[in-house]
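These notes are about the structure you will find just below.
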Amino acid sequence: MKRLHIVGCPRSGTTLLMELLATCFEHDGASAHESSIFEQRSGNGGLYISKQPNDIRQLQHVFYRDESLYIIYMSRDPRAVITSGHAASPGQYFCNYRVWRECDSAAQGYQNHPRFLQLRYEDLVSNPNQVQANITMAYPLLRQRHPFSQYQRFAQASRAAQQAMHGVRPINTASVEKWRAHLPRLAEQYQRYPELPDALVRLGYEADTSWLNTLHNVQGITYPCRYPEQRERLKELEKRLRVYLKSRRYLQEMHGRPD
């Protein structure tokens, strides 16, 4: 069984893409919402679709050795990512620039691999059918059922997915510039991570740093965030060990997996 797995920094549109793929392409199984790369695939053959954003930082031991694994990495303007909330976490921001930077850095290591496709959230919401065509071109194993632009007519999203997306509705670009309504949060993150403007230029979100004028005289404010600004060393070491052990088990099970 082949697996198409969606990854990306949290709040980058991975849930939307998951629902689009599961609704608009033929498949033989799909996770209800989030499913780790290390969880067993459901089904007896064909194609299984799943997503777990943070798995972009956990693929290093298995991706190159599993030829049945296909990855789509969702990227998004970091200003939008770090100023995005989540219905399950009221009163706090969901992600920060540290996590976005780690995901972006991990993704760079897989660029140009034929089983790794990077998409931009902004392209997806502005021209969904063209992005769908690009996905099909990159991964010919996919067979279209519906156009992305009409997915809301056919989607059967789980409660968790609907909560993350604030409901199933037509694709639109309303969230692309929402970061402008969160300037104190953005100013605080820029003060903490002064490399942020360079990343925007590198990725083509800005031609230069003149956008920083929007932060002129804006006082940065530290808000609650689901992810800490600093890694905890002991927890990080424990996590790396768990990922390594899970990866070994994944590879062992892979040899007994039917095609």
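Readers should treat all values here as calculations from the given coordinates under stated rules, not as data from a laboratory. The model shown is predicted, which means the values in this text are computed figures rather than measured ones. Ideal geometry is used to build each Cβ from the backbone, glycine not excepted, and the neighbour counts take in all protein chains shown.
For TYR70, neighbours were defined as the other residues whose beta-carbon sits under 9 Å from its Cβ, and their charges (Lys and Arg +1, Asp and Glu -1) total +3. How much net charge surrounds TYR93 when only other residues with a Cβ under 11 Å from its Cβ are counted (Lys, Arg +1; Asp, Glu -1)? Result for the local shell: +2. For the pair ARG233 and ASN127, label points projected 7 Å from Cα toward Cβ lie 4.9 nm apart.
Relative protection proxy for 59-65, 20-26, from highest mean packing down: 20-26, 59-65 (other beta-carbon atoms within 10 angstrom).
The DSSP beta bridges internal to the chain are antiparallel in roughly 5% of cases.
Here the extension length gained between THR209 and ILE221 equals 2.2 nm, from 0.36 nm per residue of separation less the Cα-Cα distance. Taking 0.36 nm per residue of sequence separation and removing the Cα-Cα distance, the HIS166/ALA181 pair yields an extension gain of 3.6 nm.
Screening the chain for whole DSSP H helices with an alpha carbon extent of at least 20 angstrom along the helix axis and a mean Kyte-Doolittle hydropathy of at least -0.5 yields nothing. With an a/c value of 1.5 or above and a/b not larger than b/c for the gyration tensor axes a ≥ b ≥ c computed over the alpha-carbon atoms, region 72-136 is described as oblate.
Here is the list for region 48-146: GluC sites (Glu not before Pro) lying in DSSP coil, each with at most 14 other C-beta atoms within 10 angstrom of its C-beta, are GLU67. Summary value for region 106-197: 23 percent relative contact order, contacts being C-alpha pairs under 8 angstrom separated by 6+ residues.
Spin-label model, GLN156/HIS61: points 7 Å from Cα along the beta carbon direction are separated by 3.6 nm. Inter-label distance, GLN40 to ALA87: 3.2 nm, where each label sits 7 Å from its Cα along the C-beta direction.
Classification of region 115-259 by its C-alpha gyration tensor yields an oblate form. The axis ratio a/c (a ≥ b ≥ c) is 1.5 or more, and b/c is at least a/b. Shown for the chain: cysteine residues without a partner Cβ closer than 4.7 Å, namely CYS24, CYS95, CYS225. Helical content alone sets the calculated 222 nm signal of the chain at -10500 deg cm²/dmol, taking -39,500 (n - 2.57) per DSSP H segment of four or more residues and averaging over every residue.
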